[in-house]
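A quick write-up on the structure given underneath.
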Amino acid sequence: MELNEKEIAGFSKLNKRDKIYWLAKNFLYANPVEVLKEFAEYWHDNVEAQKLLDGFSENTLTNFPVPFGIAPNFKINETIYAIPMVTEESSVVAAASNAAKFWLSRGGFKTEVLSTKKVGQVHLIYHGDKSKLFTFFGEIKNDLKKGVQHITTKMEERGGGVVDMELIDFSHLEPDYYQIRAYFETVDSMGANFINSCLEAFGREFVELVNLSTVFTDKEKDIEIVMCILSNYTPECIVHAEVSCKVEELGTFDYGNVSAEEFAWKFQRAVNIARIDPYRATTHNKGIMNGIDSVVIATGNDFRAIEACAHTYACRDGVYRSLSECKVENGIFTFWMNIPIAIGTVGGLTSLHPLAKRSLELLGNPNAKKLMEIVACVGLAQNFAAIRSLTTVGIQAGHMKMHLTNILASMQANDDEVAKAKSFFADKVVSVSAVREFLEKLRTKS
């Protein structure tokens, strides 16, 4: 079949320059030499380092730099941390740092890992007597576990392995559909490859044991394994994080002249609103994930899996709700969150990416449980900072000030103009139109 100019065969086999030239010609309609120069500006000077980065993905053309920042002053279970955060949103690191400093003198963050089970599923189709299937499954559970010992031995030596498994009937929702749901402990690794290997072995072993059994008819032995795959929903891999102090210890808030008691009640009301209204809860939880994702990325973990899991957990009772909770009781302000975070500190990018390794070193080379606690605290800090702004000065005052630098950059402000703009807007509301007007007046005078 003849390809048009925007279609190509064997793209992955082209070298980096040829890929860029083809894209420049067919999609950017630009000078290929100029496009190559632009992309090459972000290549790593160290050839071996660039080769490592290229290997993380497919059809790589260049690197996409994102700021690597630090949020200091996090006191977590009496230990002080400087936490690495990778994010392009300027207010995220500032907000987390601000909240960490606030709670530093008020006891800091307290955390506890409640459970660490991860989940995998063997999805299967069975045409037959379901009572036979359930009885048979109960008899062979241990055989299924034994069948994966060649996979689990090393994990078991580290304290992990297959924890349990159950057969679930979904045939009332999808004809003849059943599921073997297995639970795993993967210790300090995220464990995706380990879990998937076990699941595929379970599927093969299950079919074989059914075929060897004299209990089932020929029709019943015709089992179809639809797929074997881990689930990123891990509601039993949970960490608890909280901050707490006497209401009067919250202090007063200059903006709006808000007292400690008024702030505590306004804060609780704001969290309650996010508990009952999915529209508010979505933005509320997005703020939590701003903090969580940034640390997850910095440590070379899968932020997409953790994000998906958190949002599923937020609607576990049928309504999408705030992940965090708050109460003001007997003069004590308590703000907390229970959240699933399936994370690892060994394997994958955590061991390959130089900055991921450095991030873990900054955190004291934590095990997976400790990292769960750190990540949860950053999410809670981010949420505290956002709600504090919303219930006092308003989100835009602080948020737009953090974006002032970006606005000035987009308007090609020079160093002198940036300095004057920052001084001018120190006590004023920042907006794109206000910054544009300020620069126009400044440039007209010049």
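Each reported figure results from applying straightforward, stated rules to the coordinates on display, with no laboratory input. These figures come from a predicted structure and were not determined experimentally. Heads up, the Cβs are rebuilt from the backbone with ideal geometry, glycines too, and the neighbour counts pull from every protein chain shown.
Here segment 399-445 is treated as a Stokes sphere of Kirkwood radius computed over C-alpha pairs; at 20 °C and 1.002 mPa s its diffusion coefficient rounds to 206 µm²/s. Legend: Rg and Dmax of segment 221-292, from Cα coordinates, 20.7, 73 Å. Packing-based ranking of 201-208, 245-252 yields 201-208, 245-252, ordered from highest to lowest mean Cβ neighbour count within 10 Å.
Taking the Cα centroid of segment 290-329 and of segment 222-278, what is the distance between the two, rounded to the nearest whole Å? If you average the Cα positions of each part, the centres end up 9 Å apart.
D for segment 1-65, whole µm²/s, Stokes-Einstein with Kirkwood Rh over alpha-carbon pairs at 25 °C and 0.890 mPa s: what number? Let's see the in-between values first.
On the way: Rh = 12.8 Å.
D = 191 µm²/s.
For the chain, the longest principal axis of the alpha carbon atoms and the long axis of helix 192-212 meet at an angle near 20°.
In percent, rounded to a whole number, the relative contact order of segment 288-382 is 39, using alpha-carbon pairs under 8 Å and six or more apart. Distances between placed amide hydrogens fall under 5 Å for residue 220 paired with no residue 5 or more residues away or on another chain.
The spacing between segment 414-428 and segment 101-148, judged by their C-alpha centroids, is 55 Å. Under 19 Å of direct C-alpha separation, and excluding same-chain neighbours fewer than eight residues apart, residue 25 reaches these lysines: 6, 13, 16, 37.
Roughly what % of Cα-Cα distances in the chain sit above 38 Å, to the whole percent? Walk me through the numbers before you get to the answer.
Values: 41085 of 99235 pairs.
When every Cα pair of the chain is considered, 41 percent fall beyond 38 Å.
Pairs from the table (286/428; 266/370; 118/266; 130/369; 327/369) lying more than 30 angstrom apart at Cα are 266/370; 118/266; 130/369. Of the peptides 301-307, 439-445, the ranking by mean beta-carbon count within 10 Å, highest at the top, reads 301-307, 439-445.
Using Cα pairs under 8 angstrom and six or more residues apart, how large is the relative contact order of the chain, in percent? Don't skip to the answer; put the middle values down first.
On the way: 697 pairs, mean separation 74.5, N = 446.
Computed over the chain, the figure is 17 percent.
In sequence order, segment 232-246 has phi-based couplings of 7, 8, 10, x, 10, 10, 10, 10, 10, 9, 8, 10, 7, 6, 5 Hz under the Karplus curve 6.51 cos²θ - 1.76 cosθ + 1.60, θ = phi - 60°, and Gly or Pro positions carry x.
Proximity of backbone amide H atoms, modeled 1.01 Å from N, is registered between residue 231 and 119, 120, 121 at under 5 Å, excluding neighbours fewer than 5 places apart on the same chain.
Could you work out the helix-only [θ] at 222 nm for the chain, with each DSSP H run of four or more residues adding -39,500 (n - 2.57) and the total divided by the number of residues, to the nearest 500 deg cm²/dmol?
On the way: 16 runs with 213 residues, N = 446.
Taking each H run of at least 4 residues, the total per residue is -15000 deg cm²/dmol.
Once Rh for segment 48-191 is found with the Kirkwood sum over Cα pairs, what is the Stokes-Einstein diffusion coefficient at 25 °C and 0.890 mPa s, in µm²/s? Estimated via Stokes-Einstein, D reaches 120 µm²/s.
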